[in-house]
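Colleague: First the structure, then my questions, so here it is.
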Amino acid sequence: MTDIRDLFDIELPVIQAPMAGVQGSALAVAVSNAGGLGSLPCAMLTPEVMATELEAIRAGTDLPVNVNFFAHDPLPVTDSQLQHWRERLQPYYDELGVDEEPAAGGRAPFNADHAAVLEAYRPEVVSFHFGLPDAGLLKRVRATGAKVIASATTLEEGRWLAEQGVDAIIAQGLEAGGHRGIFLTRNMDTQSGTFSLLPQLVAEVDVPVIAAGGICDQAGIRAAMQLGAAGVQMGTVYLLCDQTNTSALHRAALQDASLHTALTNVFSGGPARGIVNRAMLELGLVSPDAPPFPQATPALAPLRSAAEAAGSGDFSPLWSGQNRSGCRPVDAGLLTRELGADYIK
């Protein structure tokens, strides 16, 4: 099995997971300069902002970086679904004194405008969540010379990605924070832990498999590599680093050992793992009222803003994996070197 150090021409078998909303170019630069593969999340960026961030990355490092996109096929949503969700949230609007109407927006799937920016900056690696874009867009990505990787949450998804010719597959275990990359089914009963999914994929596909979910230290990296992983992707462990813009409320929650995580759909409409808060408990971890991904987000946004202004994270998506034991306030470059210490030559 090809090691990602050889595949991506990096020193350490560590990818910093792209984490939309809590990081930009600074974290990617720090991780890449330390020998890992830094990542820039672009699902919530306009092409103009994306270009600015890539400009900063190219100014900060000449080492390989990963640029990440969502490749979801947005489900149709009706006005009645959106109105029902807004009515479900009305008591919270009243409580917090919010009278603004939800704005349009959300996470955009990879499109031609994104591809044009990639063609201009030519990142070494491009990764996708929720499957892959259509064949024409994928051809444009590959024409830049980028290695293409994507997340699989089941054995079937891994097989499908291998058939599409990806260069590596990210085995996203159920422990991982943020959005599940599930795309061939919406049945959450299919989801399994990292160290269950990883060896199955390694045995079934002929491309490198990258372990993701619940890995927060050197021991976790060693365990993944012993099970056949070509490398690891780690996100939660970086959330408190100096180069992130993780909010003070989110930082406090991450450091509170009494809090736990769960999968929820109330913040976006799609299953994602975060620290349990009031919105999740009162709306239901998986609410049938939430419109499909990503259409639940706009109606929650005003509540989040109002609560955060009052010092509360009750309506904030506090994304986190199940294991945050290695998460601490430190320089991201230093952390990357510590995590990859076994592999430093």
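No lab work stands behind these numbers, since they all come straight from the coordinates. Computed from a prediction, not measured in an experiment: that's the story for all the values here. Using ideal geometry, Cβ is built from the backbone for each residue, glycine included, and neighbour counts are taken over all protein chains shown.
Colleague: On a full-extension model of 0.36 nm per residue, what is the gain between LEU259 and ARG140, subtracting their alpha-carbon distance, rounded to one decimal in nm?
Modeller: On the way: separation 119, 0.36 × 119 = 42.84 nm, distance 4.37 nm.
Contour length minus the Cα-Cα distance gives 38.5 nm.
Colleague: Placing one identical point scatterer on every Cα of the range 237-339 and ignoring solvent, what is log10 I(q)/I(0) from the Debye formula at q = 0.22, 0.23 Å⁻¹?
Modeller: Cα-only, vacuum Debye calculation for the range 237-339: -1.14, -1.21.
Colleague: Moving to a separate point now. In whole Hz, what ³J(HN,Hα) sequence does the range 133-145 give by Karplus (6.51, -1.76, 1.60; θ = phi - 60°), x for Gly and Pro?
Modeller: 3J(HN,Hα) across the range 133-145, in whole Hz: x, 5, 4, x, 5, 5, 4, 5, 4, 5, 5, 6, x.
Colleague: What translational diffusion coefficient, in µm²/s and rounded to a whole number, does the Stokes-Einstein relation yield for the range 1-55 at 10 °C and a viscosity of 1.306 mPa s, taking the hydrodynamic radius as the Kirkwood radius over Cα pairs? Walk me through the numbers before you get to the answer.
Modeller: Working: Rh = 11.8 Å.
My calculation gives 134 µm²/s for D.
Colleague: In the range 12-106, if every C-alpha pair distance is counted and binned at 10 Å from zero, what percent goes to each bin?
Modeller: 14, 32, 21, 20, 12, 0
Colleague: According to a simple spin-label model (label point 7 Å from Cα along Cα-to-Cβ), what is the distance in nm between GLU87 and ASP289?
Modeller: 1.0
Colleague: Over the chain, what relative contact order in percent results from Cα pairs under 8 Å that are six or more residues apart? Intermediate values should be presented prior to the final figure.
Modeller: On the way: 727 pairs, mean separation 72.3, N = 345.
Taking the mean separation of contacting Cα pairs over the length of the chain, I get 21 percent.
Colleague: Ranked highest first by the average count of other Cβ atoms within 10 Å around their residues, in what order do 55-68, 12-25 fall? If you can, show how the numbers build up before the last one.
Modeller: Details: 55-68: 18.9, 12-25: 23.5.
The peptides rank, most packed first, as 12-25, 55-68.
Colleague: Per the helix-only calculation at 222 nm, which mean residue ellipticity applies to the chain, given -39500 (n - 2.57) for every DSSP H run of n ≥ 4 and division by its residues, nearest 500 deg cm²/dmol? Let's see the in-between values first.
Modeller: Numbers: 13 runs with 128 residues, N = 345.
Taken over the chain, the calculation gives -11000 deg cm²/dmol.
Colleague: Taking a point 7 angstrom from the Cα of ARG278 along the C-beta vector, which residues in the range 291-307 have backbone N less than 17 Å away?
Modeller: Hits in the range 291-307 for ARG278 at 17 Å: 300-307.
Colleague: List the residues, sorted by chain then number, that are 5 or more residues from LEU318 or on another chain and whose placed amide H is less than 5 Å from its amide H.
Modeller: Sorted by chain and number, the residues that satisfy this are ILE275.
Colleague: Treat each spin label as a single point 7 Å out from the Cα along the C-beta direction, and report the ALA252 to ASP342 distance in nm.
Modeller: In this crude label model, ALA252 to ASP342 measures out at 3.7 nm.
Colleague: Relative to the present Cα-Cα distance, how much length would full extension add between ASP79 and GLU119 at 0.36 nm per residue of separation?
Modeller: Details: separation 40, 0.36 × 40 = 14.40 nm, distance 3.71 nm.
Separation in residues times 0.36 nm, less the Cα-Cα distance, equals 10.7 nm.
Colleague: Looking at the range 66-213 from every direction and averaging, what is the projected area of its Cα convex hull in nm²? Let's see the in-between values first.
Modeller: Details: hull surface 44.2 nm².
Here the figure is 11.0 nm², rounded to one decimal.
Colleague: Using the Cα atoms of the chain, I'd like the radius of gyration and the largest Cα-Cα distance, Dmax, both in angstrom.
Modeller: For the chain, the Cα-based Rg and Dmax read 19.2, 59 Å.
Colleague: In whole angstrom, note down how far apart the Cα centers of the range 181-244 and the range 1-71 are.
Modeller: Their Cα centres are 18 Å away from one another.
Colleague: Still on this structure, please answer the following. What's the magnitude of the charge dipole for the chain around its Cα centre, counting Lys and Arg as +1 and Asp and Glu as -1 at the beta-carbon? Answer in Debye, nearest 20. Could you put the intermediate results ahead of the total?
Modeller: Numbers: 22 positive and 38 negative charges, 101 e Å.
My answer is approximately 480 debye.
Colleague: Shifting gears a bit: Sort 80-89, 259-268, 114-123 by packing, meaning the average of other beta carbons within 10 Å per residue, with the highest value first. List each step's numbers first, then the result.
Modeller: Values: 80-89: 15.7, 259-268: 20.1, 114-123: 17.9.
Listed from highest to lowest mean packing, they are 259-268, 114-123, 80-89.
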